[in-house]
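Here the structure is laid out as structure tokens; the discussion comes afterwards.
The values are calculated or read from the model by the stated rules, or taken from the named source; none is laboratory data. On a predicted model such as this, the values are computed, not experimentally measured, just so you know. Note: ideal-geometry Cβ built from the backbone for every residue, glycine included; neighbour counts use all protein chains shown. Remember, those area values only see protein heavy atoms, side chains included, never the ligands or the DNA or RNA. Shrake-Rupley method; radii C 1.70, N 1.55, O 1.52, S 1.80 Å.
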Amino acid sequence: MTLLLKSLPARAEVWSRVFAEAGLPIETDPEAIADPAEISVLACWQPPEDLSIYPNLKAVLSVGAGVDQMPELPPQIMLCRSLAPGIEMLVRDWAVMACLMLHRDIPSYMAQAEKGVWQGLPVTLSSQRRVGILGMGRIGKLLAQSLVDLGFPVRGWSRSGRPVDGVEVFGQDGLDRVLVQSDILICLLPLTDETRGILNADLFAALPKGAHLVHAGRGAQLDMADMRAALDSGQLASAMLDVTNPEPLPADHWAWSDPRIVITPHVAAETDAEQGALHAVAVVKALMAGETPPGVTNKAAGY
Ligand code: NDP
Ligand code: OXD
């Protein structure tokens with residue numbers, strides 16, 4: 001059972017070593033494959049258009065947490081995502097930072113700094129700033145724990161409404177109950193048919209006036225024009241975005257120079273090569289044992 005990795009040479013080197021240590025075969029150069037029928041798993045960000053060249057392919061493994069960049073796969077091919085543990089910790093760190101930056105008015109202080117203004121702004125206790133998290137999966141759960149530890153009251157929203165310690169989690173029909181109590185709203189949803197464009201005028205209108213937005217899900221979930229209108233009306237006070245619509249954000253896009261918005265270029269997480277390779281080993285071993293591989297996605301749900 002051979003895994004084919006489509007990635008950069010530096011990553012290929014790490015994966016080759018980890019697979020050798022695990023005693024499993026790996027290919028990192030599609031041109032060097034003698035018999036394509038030996039390839040059972042393809043690890044990549046995006047697969048080649050024609051997968052029929054690998055007639056025994058069992059699974060495609062995304063090297064990132066998201067799978068929205070993947071095309072529709074034939075029904076017999078599983079779609080997995082990376083569960084490399086560094087991913088959720090890095091996004092958690094980024095989202096805690098973003099939440100604290102908006103909580104402590106850093107965009108306003110950055111705007112004041114541009115003009116050399118030394119002026120304090122009113123301070124709010126974390127216990128008085130309610131946070132709502134859209135998406136209570138691997139990242140959302142970890143983030144919620146950190147924010148609870150910092151004293152923020154946290155509510156979460158997920159498809160299932162599955163309970164999470166210390167957090168009130170609402171299911172699909174509870175979105176409004178989360179929004180109405182979200183002074184800071186954090187989006188960590190996967191991009192699916194149901195979540196595309198979810199951060200729009202209607203959603204912003206359901207937030208308390210002057211709320212803050214943190215977005216690290218996917219750019220296509222955000223209507224940037226609606227966000228701008230909400231900022232202009234004061235419905236939103238500020239936003240911190242790791243993902244934008246479109247992506248990359250063009251150099252002359254209005255959002256870059258809007259003092260109410262802080263942007264990072266989709267860098268909240270990067271899959272650690274070693275951890276990614278170890279997860280891929282676990283995927284291959286599970287397939288060899290006839291077990292469900294870790295990180296397998298629900299194709300119908302889209303994540
Ligand atoms: P998970 O699959 O572990 O969690 C997804 C969460 O979203 C689950 O709680 C799920 O509900 C919920 N959800 C999905 N669809 C809906 C819906 N229609 N309505 C309500 N809730 C929904 O994903 P991760 O936490 O690992 O990652 C989340 C996303 O973060 C990724 O898909 C990716 O888009 C983004 N990401 C961004 C990165 C960056 O660098 N900016 C890095 C890594 C990830 P349920 O629990 O019921 O299944
Ligand atoms: C991911 C990402 O999905 O980096 O891993 O966005």
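Leaving out ligands and nucleic acids, and using a 1.4 Å probe, what accessible area per residue does region 1-58 come to in Å²?
Result: 56 Å² per residue.
Just by accessible area at a 1.4 angstrom probe, what is the order of HIS266, HIS103 from largest to smallest?
HIS266, HIS103
Quick check: residue separation of ALA205 and SER127 times 0.36 nm, minus the Cα distance between them. What number comes out in nm?
25.7 nm
Considering all alpha-carbon pairs of region 1-131, what whole percent are spaced by more than 20 angstrom?
When all Cα pairs of region 1-131 are counted, 60 percent exceed 20 Å.
What FRET efficiency comes out for MET110 versus ALA229 if R0 is 25 angstrom and r is the Cβ-Cβ distance? Round to the nearest 0.05.
0.70
Could you calculate the contour length gain from LEU73 to GLU270, that is, 0.36 nm times the residue separation minus the distance between their Cα atoms, to one decimal place in nm?
Taking 0.36 nm per residue and subtracting the Cα distance, the gain is 68.5 nm.
Just the accessible area for TRP157, please: 1.4 Å probe, Å², rounded to the nearest 10?
Around 20 Å² of this residue is reachable by solvent.
Can you send over the carbon and sulfur percentage of the accessible area for region 86-175, probe radius 1.4 Å, protein chains only?
Within region 86-175, the accessible surface is 55 percent carbon and sulfur.
Taking the Cβ-Cβ separation of GLN172 and ALA34 as r and a Förster radius of 45 Å, what is the calculated FRET efficiency to the nearest 0.05?
Calculated value: 0.35.
Between SER146 and TRP254, take the C-beta separation as r, use R0 = 25 Å, and let me know the FRET efficiency to the nearest 0.05.
0.20
For the chain: lysine pairs with Cα atoms under 25 Å, gap of 8 or more or different chains, count?
Total qualifying Lys-Lys pairs in the chain comes to 7.
Report the extension gain between CYS44 and ARG162 in nm, rounded to one decimal, defined as 0.36 nm multiplied by the number of residues separating them, less their alpha carbon distance.
39.4 nm
If you build the convex hull over the alpha carbons only and average its shadow over all orientations, what do you get for the chain? Give it in nm² to one decimal.
So the Cα hull casts an average projection of 17.4 nm².
Heavy atoms only, probe 1.4 angstrom, no DNA, RNA or ligands counted: give me TYR303, TYR109, TYR54 ranked by accessible area, highest first.
From most exposed to least exposed: TYR303, TYR109, TYR54.
Just tell me the longest site-free run in the chain, where the sites are GluC sites (Glu not before Pro) in a DSSP loop having at most 15 other beta-carbon atoms within 10 Å.
73-193
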